[in-house]
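Where a number appears in this text, it was derived from the coordinates with a stated rule and is not lab data. Values in this document were obtained by computation on a predicted structure and should not be read as measured data. As a convention, Cβ positions derive from the backbone with ideal geometry for all residues, glycine included, and neighbour counts pool all protein chains shown.
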Amino acid sequence: MIGWSIGVAGLLIVAVVAVLIFQVATYVDPYHEKVAAAGYAEKMAQVGQVKFSYVEGPENGPPLVLLHAQLLDWFAYSRVLPELAKSYHVFDVDYPGHGKTTTPADYPMTADRIGADLADFIQQQIGQPAFVTGNSSGGLLATWLAANRPQLIRAALLEDPPLFSAEYPRIKHTIADRAFITSHAAATRDHPKDFLLYWIHGNAPFFRKRVGPGVPFLLTQAVQARRRAQPGQPPEIGLLGDDTVRMLIRGLDRYDPRFGAAFYDGSWNKGFDHAAALARIDRPVLLMQADTSLLPDGTLNGAMSSEEAARTMSLLRHGHYVKVDAGHVVNLDKPEEFMRILKGFFADK
C-alpha cells in the first residue's frame, strides 16, 4: 500500500510538471496580437553607429516617442500601445543596451551619447517635433532630449525618473544600486555567456520577495524550457502573475550589462548634470512620481525621494507634477491611469 501511494504521488508530480512545462513552452502574451491588430510593426533603422529596433504605429496623430525603463524593452508598453495608436503616431524605441538595438562593442553607455543618437533617430525617422515620454532611465533620456534638443520635442512626460537619485555618489544609497552591482560584475569581471540566468542567480532575494520562495530555481528551469521550445525569442513566462517581473525577464534576455555598469560607476551621467539640464528646458514637462519609501537603513526604495521631486519642480520653467499610487513602471501597473494622465497633459500642447 505504501509503495502504491508513492507511485501515484510520483505520477501526479510528473503530470503536474509536464503540464507546467507545456504552459511555459507554449505561452504567448495576448498583447502581441492586440498590438499587431492596432497597426504596429517592428522595424529597424541604422542611425550613425546604432541600429535601432523600434515599433511604429499608424499615423493617427502627432508623433509620440516612448522610452522604456532600464532592463525592459519596447514590449513593456504593450498594455497602452493599442490605446495610444488611436491618437498618436507612436515610435516605441529600444534605446542602446536594450532589446534588438545593436551598437559597436566600444559604444559609450552615457546619457550624452545615447541622447544624441536618439535625437538623430527622431530627426531621421520622424522628421518633426514629437511628444516624448520615458520611464525610469528612459525618463532621464527624455529629460536629456528636452534640455539638449528642444527643437525636436513638443512636450515631455517623465514617468518616475531617477532624477538626482541616479547621480553618483547618491545612487549608492538607492535600492537600484543592488541591481547595478550585478551588471557591473558581469561587465567588468565575470562576462557571463547568459546574462539573464546570471541576473536571476545574483538577484535571487528580489524574486523571493516579489514572487515567492523557490522562485529563482523554478524561474531558471522555466527560462531554459522556454528557450528550448522557442529558440532565439525572448522568454515570456506566463506563469508569473506579475506583469513587471515578466517584462523584466523578457528584457534581461537581451540587455547589455555595460548599461547598468555605467550607472554603478557614475559614468552614465558624465557630462549630464541633472540640475543644469532641468533648468535649460523650455518645453512643458510633466513629472509623474510613483510610490517611494525609505528602508530602515535609509536606502531609497523608489526612483526619487519627495525632496528630489520638489527640487526637480523648482528647476522646471513649465513644470507640472502628479503623484500616482503605483509601482515604478506606471504604464504596466496602472495602464488606464497612465493613459488618462498622458492624454490629458499632451492634449493642448
Inset, instruction - Could you please state, rounded to a whole Å, how far the C-alpha centre of the range 189-246 is from the C-alpha centre of the range 58-132? - result: 25 Å
Legend entry - Kirkwood hydrodynamic radius of the range 216-292, Cα pairs, Å: 16.1 Å
Legend entry - Charge sum, other residues only, whose C-beta stays under 14 Å from ARG283's C-beta, Lys/Arg counted +1 and Asp/Glu -1: +3
Inset, instruction - Just the number, please: percent antiparallel of the DSSP beta bridges in the chain, rounded to the nearest 5. - result: 35 percent
Legend entry - Inter-part distance where the range 166-185 and the range 316-349 are each reduced to a Cα centre, Å: 26 Å
Legend entry - Amide H contacts of VAL65 (H built 1.01 Å from N, under 5 Å, at least 5 apart or other chain): PHE91, PHE131, VAL132, THR133
Legend entry - Derived scalar couplings ³J(HN,Hα) [the range 214-221; Karplus, 6.51 cos²θ - 1.76 cosθ + 1.60; whole Hz; x for Gly, Pro]: x, 5, x, 5, 5, 5, 4, 5
Inset, instruction - Compute the FRET efficiency between ASP265 and THR244 as 1/(1 + (r/R0)^6), taking r as their Cβ-Cβ distance and R0 = 30 Å, and round to the nearest 0.05. - result: 0.70
Inset, instruction - Please give the contour-minus-distance gain from HIS318 to GLU59: 0.36 nm per residue of separation, less the Cα-Cα distance, rounded to one decimal in nm. - result: 90.4 nm
Legend entry - Burial order of peptide ranges 110-121, 136-147, 298-309, 32-43 (average beta-carbon count within 10 Å, highest first): 136-147, 110-121, 298-309, 32-43
Inset, instruction - Using a 10 Å cut-off on Cβ atoms, rank the peptides 270-279, 96-105 from the highest mean neighbour count down. - result: 96-105, 270-279
Inset, instruction - Please give the net charge around ALA166, taking every other residue with its beta carbon less than 13 angstrom from that of ALA166, where Lys and Arg add +1 and Asp and Glu add -1. - result: -3
Inset, instruction - Per residue of the range 278-286, in order, report the coupling 6.51 cos²θ - 1.76 cosθ + 1.60 (Karplus, θ = phi - 60°) as ³J(HN,Hα) in whole Hz, putting x for Gly and Pro. - result: 4, 5, 7, 5, 10, 9, x, 9, 10
Inset, instruction - Would you work out the relative contact order for the range 31-346, in percent, from Cα pairs under 8 angstrom that are 6 or more residues apart? - result: 20 percent
Inset, instruction - Rank LEU252, ALA111, PRO284 by how far each Cα sits towards the positive end of the charge dipole of the chain (+1 on Lys, Arg Cβ; -1 on Asp, Glu Cβ) and give me just the farthest. - result: LEU252
Legend entry - Sum of side-chain charges, MET44 neighbourhood, beta-carbon under 12 Å (Lys, Arg +1; Asp, Glu -1): 0
Inset, instruction - Determine, for each peptide in 206-215, 241-250, 284-293, the mean count of other beta carbons within 10 angstrom over its residues, then list the peptides with the highest first. - result: 284-293, 241-250, 206-215
